[in-house]
Amino acid sequence: MGELKLCCLGLSHKTAPVSVREKFAFKGEELERALLKLNSMEGIDECMVLSTCNRVEVYFTTRNSSPFKDPISFLQEFKGATLDEINSFFYRKVDRDAVRHGFYVASSLDSLVVGEPQIVGQFKDAFQTAKELGTVGTVLCRFCETALKVSKRVRTETGISKNAVSISFAAVELARKIFGDLRGTKVAIIGAGEMAELAVKHLITNGASEVFVVNRTLERAQALAREFGGKPFPLTELANVLKLADIVISSTGAPGYVITKEVVEPAVNSRGGKPLFLIDIAVPRDIDPEVDSLDAVYLYDIDDLQQVVEANIRERLREAEVAKEIIEGYVERFLKWLRELEVAPLIAELKKKAEEIRKEVLEKRLPKLGLTPEQEAEVDNITRIIINKLLHQPITSVKRKAVEEESRSQVVQIFREIFGLGKE
Amino acid sequence: MEPKVFIYTSAVLYAVSTLHYLLYLIFRKNKLAVVGLYSARFGFLTNLIGALLLLFKGGAQTLFTPKGAFLIFALTLVSVFLYFSTKHRLSLTGAFLMPWATLFSVLASVSSGVPKVELPVGFVGVIHIVSAFLGYSAFMFSALLSVIYLIFERHLKKKKFSVFFFKLPSLTKLESVIYHSITVGFVFITFSMFVGAVWSEELFGTYWSWHPKQVATLISWFTYAGIIHLYLYGNWKGKRICYLSILGFSIILLNFLGVNLLSKKDVHSFKG
């Protein structure tokens, strides 16, 4: 029997194309069968499976000298995978690497879109399923709980999931950079379109109080206005709407410019320096770029929004570096705990042995002394104290040594021999 | 304890804070801003102790020497910075404000603290000078924040996603803080003028004597009263309030320099 190792065998969007990922994905009832099958394998102590659309990972603990033998044969049996497939698409991580990887995954550092929040829920579900089936024990429970704790800390202490990474959210974020609190802001949507409507919905959930819906035909405007609880206007009323709105989202199918400088200028002048945010999601563009030259007007077209998204992704990657520093501390602590866990039975055994010796000697010798009950109790205490003091040093030393990489197995061996403890 | 130990320490701490805030501007790591904030806080404490020691050792008139004036200016500037930046999460202002606090505390460390004219400065005098500098500091903060606003606004317009874009709240928020600090400055300046008049009556038997400094302060006071009115009733919002705020502080600077150059014998000229 080797020492206990925490391992991870998995594939992700980084190593495998979607056709492979969907082949290895475990869904619902299949996941439960897989967990039970894995758990019944001889070399595997504890196991859990994280299966999302971007990754399939098996976390397990084992004492096997070739730790991945069992999970691989499981995949061959269960999914009909060839060894070739496994070798080319799956990564294998052991101990420190596995722990770190798991923490990265739970903190969304390994995600396709760094910082996306769904993975936390998926990780939680995977843990819950394994827990209900009883396939996780002390080690993986602690592993998952730590991973979730880390992920929470990373989310609150770094800006990893702060900046918007979709066009419609980027529009909302920009609006907030200009207006701050969006409560009380008025939004106008010109034309219709999935992305524009989505942006308006986000703006409403963020507090925008009024929506003006402008369309070429009043009927279409009325239909959309009902959906948002806004006011419908025909396109001829555009100039007046611009005077009222703070945020304008334009997405018409018109071939030329719908909003020109001549239309916007009087609106801006009536605002007294209050900013006007124009978003042009249409291709070809609806808003004349000349409009941007007006003071206190912020015009963003689809390319600009795309740039915001890219800048935000870069910012998330920056924050990911901060997150990695935080995670490293947890990895160290978890490994320390894992190593100490390894020597826990050894220490228990030593304490038990010492106690047995103490009891045996006292039972034999104590009656001969003819002491009073108080004195006997005192002797009992004294011997206890001596044993505790004597064992204190070796116990702390072996705990410390257990954490060190190289000397670990030797130290445990020597410890057993010196104190005459039974073989594993 | 010598006050100078504390004054030197505060200069060093402010320099550390400045350095970290400047690095924050470049590397955007929140940790840097945290270090900047804490060094500013500790610097503020030592600055305060230094000022109090100076006050108790040399009497209130030492506040009217260059050393005392720079010390109080650094102190009030940092207190205004700490108040607004922690209240509104404006760490970025540290990079613009702390260099000045550092400069003032360095100047305080090297300049003379021996008064040339004997002045019976009592409690009233201390209140007068401290509230005046609090007012100036608030105006300075609003002017520097206006500069930040203008840069941020320009970056938003030019679609440049810089540290201003990522680490500042919104334009509206900045604007409200700019206005808020102007009103705070106005309240302190008004109060300081009032206390000054009372003090003048005590010293010279007249509330108002058309000293250059008094005239200059009156001009600044009317300027800021005008700015507040334009903002509230004239709809001078956004970039315009920034320009006004910068203009107002330039007038104060001109007055300050003018008074010091023109009237060598005036009580307001802080001669050592």
Selected residue [of a type in the set (G, A, S) and closer than 30 Å to B:L244 by Cα] from A:G229, A:G273, A:G253: A:G273
Scanning the range B:154-175 for residues that are facing chain A (nearest Cβ under 8 Å) and over 17 Å from A:F277 (Cβ atoms) gives B:F166
(1) open to solvent by 30 Å² or more (accessible area, probe 1.4 Å); (2) at pLDDT 90 or above; (3) under 21 Å from A:V297 (Cβ atoms) all hold for A:V214 apart from (1)
Taking B:I148, is it of a type in the set (A, V, I, L, M), within 14 Å of chain A (Cβ to nearest Cβ) and assigned to a helix (DSSP H, G or I)? yes
Please determine whether any residue of the range A:119-127 is without any contact (Cβ under 8 Å) to a residue 40 or more places away in the chain, within 27 Å of A:K23 (Cα to Cα) and touching a strand residue (DSSP E or B) at 6+ places or on another chain (Cβ under 8 Å). no
Out of (1) surrounded by fewer than 19 Cβ atoms within 10 Å (Cβ to Cβ); (2) touching a Pro at 6+ places or on another chain (Cβ under 9 Å); (3) within 14 Å of chain A (Cβ to nearest Cβ), the one B:E202 does not meet is (3)
Given the options B:I228, B:I241, name the one that is under 21 Å from the mean Cα position of the chain (by Cα) and touching a residue at least 60 places away in the same chain (Cβ under 8 Å). B:I241
Can you say whether A:E219 is over 16 Å from A:L242 (Cβ atoms), open to solvent by less than 60 Å² (accessible area, probe 1.4 Å) and part of a helix (DSSP H, G or I), as far as the supplied structure shows? no
Looking only at residues in the range A:289-306 that are open to solvent by 10 Å² or more (accessible area, probe 1.4 Å), within 10 Å of chain B (Cβ to nearest Cβ) and in a helix (DSSP H, G or I), which one is farthest from A:A199 (Cα to Cα)? A:S293
Take the range A:179-205 and flag every residue that is within 14 Å of another protein chain (Cβ to nearest Cβ) and buried (at least 16 other Cβ atoms within 10 Å of the Cβ). A:F179, A:G180, A:L182, A:T185
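Do we have any residue at all in the range A:323-333 that's of a type outside the set (D, E, K, R), over 23 Å from A:R96 (Cβ atoms) and either assigned to a helix (DSSP H, G or I) or touching a helix residue (DSSP H, G or I) at 6+ places or on another chain (Cβ under 7 Å) (or both)? Break it down into steps so the answer makes sense when it comes.
Applying the first criterion (of a type outside the set (D, E, K, R)) to the range A:323-333 yields A:323, A:326-327, A:329-331.
Pick out the ones that are also over 23 Å from A:R96 (Cβ atoms) and you get none.
Looking through the range A:323-333, none of the residues is of a type outside the set (D, E, K, R), over 23 Å from A:R96 (Cβ atoms) and either assigned to a helix (DSSP H, G or I) or touching a helix residue (DSSP H, G or I) at 6+ places or on another chain (Cβ under 7 Å) (or both).
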Odd one out for B:L218, checked against (1) modelled with pLDDT under 90; (2) in a helix (DSSP H, G or I); (3) not polar (S, T, N, Q): (1)
What residue, among those in the range B:231-243 that are at pLDDT 90 or above and open to solvent by less than 20 Å² (accessible area, probe 1.4 Å), is farthest from the other protein chains (Cβ to nearest Cβ)? B:C242
Residue under evaluation A:V136, criteria (1) part of a helix (DSSP H, G or I); (2) out of contact with any Lys or Arg (no Cβ under 9 Å at 6 or more places or on another chain), criterion not met: (1)
Criterion first (in contact (Cβ under 8 Å) with a residue 12 or more places away in the chain, within 14 Å of chain B (Cβ to nearest Cβ) and not in a loop (DSSP other than H, G, I, E, B)) does A:A164 satisfy it? no
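Would you check if A:E340 is out of contact with any helix residue (DSSP H, G or I) (no Cβ under 6 Å at 6 or more places or on another chain) and of a type outside the set (A, V, I, L, M, F, W, C)?
No; evaluated as a whole, the condition is false for this residue.
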With the structure loaded, tell me whether B:S192 is among the polar types (S, T, N, Q) and at the interface with chain A (Cβ under 8 Å from one of its Cβ atoms) or whether it fails that test. no
Before we move on, is A:V268 farther than 20 Å from B:L171 by Cα, open to solvent by less than 70 Å² (accessible area, probe 1.4 Å) and more than 34 Å from the chain's Cα centre (by Cα)? no
Kindly indicate the residue of the range B:122-145 that is of a type outside the set (A, V, I, L, M) and open to solvent by less than 10 Å² (accessible area, probe 1.4 Å) and also nearest to the other protein chains (Cβ to nearest Cβ) among those meeting that condition. B:S142
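This table checks each residue for (1) under 21 Å from A:C144 (Cβ atoms); (2) open to solvent by less than 20 Å² (accessible area, probe 1.4 Å); (3) within 18 Å of the chain's Cα centre (by Cα); (4) in contact (Cβ under 8 Å) with a residue 12 or more places away in the chain.
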site	(1), (2), (3), (4)
A:C7	yes, yes, no, yes
A:K14	no, no, yes, yes
A:K37	yes, no, no, yes
A:S65	no, no, no, yes
A:V99	yes, yes, yes, yes
A:V113	no, no, yes, yes
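The values are calculated or read from the model by the stated rules, or taken from the named source; none is laboratory data. Remember, it's a predicted structure, so these values are computed and weren't measured experimentally. Using ideal geometry, Cβ is built from the backbone for each residue, glycine included, and neighbour counts are taken over all protein chains shown. Surface accessibility is based on the protein's heavy atoms, side chains included, excluding ligands, DNA and RNA. Shrake-Rupley method; radii C 1.70, N 1.55, O 1.52, S 1.80 Å.
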